[in-house]
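J.: This is the structure I want to talk about, given as structure tokens.
The values are calculated or read from the model by the stated rules, or taken from the named source; none is laboratory data. The structure displayed is predicted, hence computed values, not measured ones. Backbone-built Cβ (ideal geometry, glycine too); neighbour counts: all protein chains shown.
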Amino acid sequence: MLRVYRVTELASILTRYWSVPDETLKDAQQRGTLVHSLCAAYARSRTFHETSDKDIRGGQGYFLSFKRWFDDYVAEVVSVETSYTNIVGIIGHPDLVAVIRGDQAPSIIDLKTAAAHDKIWRLQMAGYKHIVRNHAISNGATPPERIFSLRLDPNGGPAKLREYTDTYLDDLAVLFSLVNIQRFIDSAE
């Protein structure tokens, strides 16, 4: 049986998180989960449901950064945190598939709360484009063309959008190499 790998799991093979203290990683994961939850709820309904300060603590600035970007640039939401998979054996949950104002085809946008850009995001975005594209084509929908990371500002300032469309094929080849490496590691001797 073919094992299915998460896109983020594959890309994490190349990270240097082993050098980050566990408590720092835990805090970052909790913040990321909170921020993604707030942003997903807004993208689905375009309304912000008041929550307690405890529920939003640490995520308000990131959320405001997202909301400003979303309100200015998103024309149509296609999907929010939807699970996609394909026959290659990869699965992913892109944060947002949406049509950007002025574009005809959807784009894939992945939200980031990290302070600095990480090169492995390119691989993650290539994987997302591959599986969302295949899903769209097999369902007669318009496939996504552009792929972005959207780094949110912790203080509510402008979000930083970075596009990876031009490196998609090269990045996808690296991701498929990681699939093969992980399958080799997981295989019985």
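J.: Looking only at residues in region 1-53 that are assigned to a helix (DSSP H, G or I), within 19 Å of residue 92 (Cα to Cα) and among the hydroxyl-bearing types (Ser, Thr, Tyr), which one is modelled with the highest pLDDT?
T.: Once the filter is applied, the top-ranked residue is 37.
J.: Given the conditions (1) at pLDDT 95 or above; (2) within 24 Å of residue 4 (Cα to Cα); (3) under 12 Å from the mean Cα position of the chain (by Cα), which single one is not true for residue 143?
T.: Failing condition for residue 143: (3).
A quick yes/no check of all residues on (1) under 23 Å from residue 105 (Cβ atoms); (2) loosely packed, with under 13 Cβ neighbours inside 10 Å; (3) out of contact with any strand residue (DSSP E or B) (no Cβ under 8 Å at 6 or more places or on another chain):
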position: 140; (1), (2), (3): yes, yes, yes
position: 146; (1), (2), (3): yes, no, no
position: 149; (1), (2), (3): yes, no, no
position: 153; (1), (2), (3): no, no, no
position: 157; (1), (2), (3): no, yes, yes
position: 168; (1), (2), (3): yes, no, no
position: 174; (1), (2), (3): no, no, yes
position: 181; (1), (2), (3): no, yes, yes
position: 187; (1), (2), (3): no, yes, yes
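J.: Let me ask you something else. Cβ-Cβ below 7 Å, separation at least six or inter-chain, first residue in region 134-152 and assigned to a loop (DSSP other than H, G, I, E, B), second aromatic (Phe, Trp, Tyr) and surrounded by 18 or more Cβ atoms within 10 Å (Cβ to Cβ): which pairs?
T.: 152/62; 152/66
J.: Which condition number does residue 79 fail, the rest of (1) of a type outside the set (Asp, Glu); (2) modelled with pLDDT of 70 or more; (3) over 18 Å from the mean Cα position of the chain (by Cα) being met?
T.: Unmet for residue 79, out of (1) of a type outside the set (Asp, Glu); (2) modelled with pLDDT of 70 or more; (3) over 18 Å from the mean Cα position of the chain (by Cα): (3).
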